[in-house]
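Heads up: the structure comes next, in structure tokens.
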Amino acid sequence: MPLLKSWLTSANTATCPFPLNNLPYGVFARGEDEPHCGVAIGDYVLDLAAAQSAGVLGYPDAGFEMPYWNDFMELGAEAWAAFRNDLQTLLTYDSPAEALLLPCLVPLSEVALHLPLVVAEFTDFYSSRHHTRNVSQLFHGVDGMLPPNWLHMPMGYNSRASTLVVSGTEVKRPMGQIKAPDVNLPIWSACEKLDFELELGAIVGSNTIMGEPVTVTEADDMIFGYVLLNDWSARDIQVWEYQPLGPFQSKAFATTISPWIVSPLALAPFRRAAPPRDVPLLPYLQDQGPMLFDITLTASLQPQGACEASQITKTNASHLYYAAAQQLAHHASSGCAMTAGDLLGSGTISGPAAHERGSLLELSWDGAQPITLDTGEARSFLQDGDRLTLSGLATGEGYQIGFGPCTGTIIPARNAS
């Protein structure tokens, strides 16, 4: 699919992350205005509540005046598709609605972006084969080892929605129990191995009934959209606490998402097939066509006082082994009820090459091979003042689909006590 032309000229350049092909959903505020729903187009946000007031846009039950997209999600997948089609018609280059919509556009440079939804629950998965093998080698010393169940089902754990924040929010270095391998007892200390995790998040847009599973195809239709996700990780806390039940406090202190929700329809041209399966998946998880996405993902680190950020990794969402629809189908397979607003993290996305690793744990090989930034500084893990930014772009024929940055700056831990 080529670039769709809009009457808004800033949306028509090949490097614009928000062309007419995209139209991602966000929540914004200008000045003292209350946060409410908008759609990114070019260098602007289309104020949906204003467009409704102008009589250009319908959907009276969508809740566009609210600071979240949850009400709109409840309208269902048919409404999601119809709404996106209506927006593209209104914003296309020959639309007669231009004069009515111009006053509803707000420059992106003048707005603050907020969390775009009320997150009901957050589940983080472990769906990158390369990341799993790297961590197994680092934590267990076995080259290329996968957990015995990993090739059979998406592995995950229930995490915290209460500390999920939007891009730009500062992240305080966590405190926790840390035990060095050469001592008998843990200490209470600030995390020294603070890390990022480069992930793709899927937002569930429909409810399920407790006791009723869903197929992979049904799960795919239930996904409202995708965001970039950084599940900040305290590796020295994690390695002490994670056995036998998995991560807990080492992941609960903060998770950052990008401000714009990109719809599956915008990403449809970039669908890619899963990698070959080592063993056949059970029928309820089997692939139903291409369900991964060709999205280039990068992470950049800017130390405090540095003029520019250094790109430290570049990978692709197509390196995942399990798609979001398979994660969702597995999540509901026991009869677990899913809720509109649930967020599913893909888990760290790493590729096969060293420069494609999606965390500092892997990039620095747990500190044994520190990376060098463009400033000449070395990093094994994040330091106070570091600004970490995730970016994602799907590149089409003369256009790009972007998510906006997923950024957080590390601030010092509270005093130990």
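The values are calculated or read from the model by the stated rules, or taken from the named source; none is laboratory data. None of the values given here were measured: they were computed from a predicted structure. Here the Cβ is made from the backbone with ideal geometry for all residues, glycine too, and neighbour counts use every protein chain on show. Surface accessibility is based on the protein's heavy atoms, side chains included, excluding ligands, DNA and RNA. Shrake-Rupley method; radii C 1.70, N 1.55, O 1.52, S 1.80 Å.
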Pairs with Cβ under 7 Å, 6+ apart, first in region 26-49 and open to solvent by less than 10 Å² (accessible area, probe 1.4 Å), second assigned to a helix (DSSP H, G or I) and among the polar types (S, T, N, Q): G42/S10
All positions within region 320-334 that are of a type outside the set (F, W, Y), surrounded by 22 or more Cβ atoms within 10 Å (Cβ to Cβ) and either in contact with a strand residue (DSSP E or B) (Cβ under 9 Å, 6 or more places away or on another chain) or not in a helix (DSSP H, G or I) (or both): L320, A323, A324, A325, Q327, L328, H330, H331
Single condition G38 does not satisfy, out of (1) over 25 Å from D220 (Cβ atoms); (2) part of a loop (DSSP other than H, G, I, E, B): (2)
Residues within region 370-382 that are touching a Leu at 6+ places or on another chain (Cβ under 8 Å) and either assigned to a loop (DSSP other than H, G, I, E, B) or without any contact (Cβ under 8 Å) to a residue 40 or more places away in the chain (or both), tallied: 4
Region 262-300, subset among the small types (G, A, S) and surrounded by fewer than 16 Cβ atoms within 10 Å (Cβ to Cβ), residue nearest to C406 (Cα to Cα): A268
Residue match in region 342-352 (condition: among the charged types (D, E, K, R) and open to solvent by less than 50 Å² (accessible area, probe 1.4 Å)): yes
Selection count where residues are in contact with a Lys or Arg (Cβ under 9 Å, 6 or more places away or on another chain) and in a helix (DSSP H, G or I), scope region 352-366: 5
Failed criterion for G211 (all others in (1) closer than 23 Å to F381 by Cα; (2) in contact with a Gly (Cβ under 6 Å, 6 or more places away or on another chain); (3) among the small types (G, A, S) hold): (1)
Count - residues of region 162-213 that are in contact with a Lys or Arg (Cβ under 9 Å, 6 or more places away or on another chain) and exposed (fewer than 14 other Cβ atoms within 10 Å of the Cβ): 2
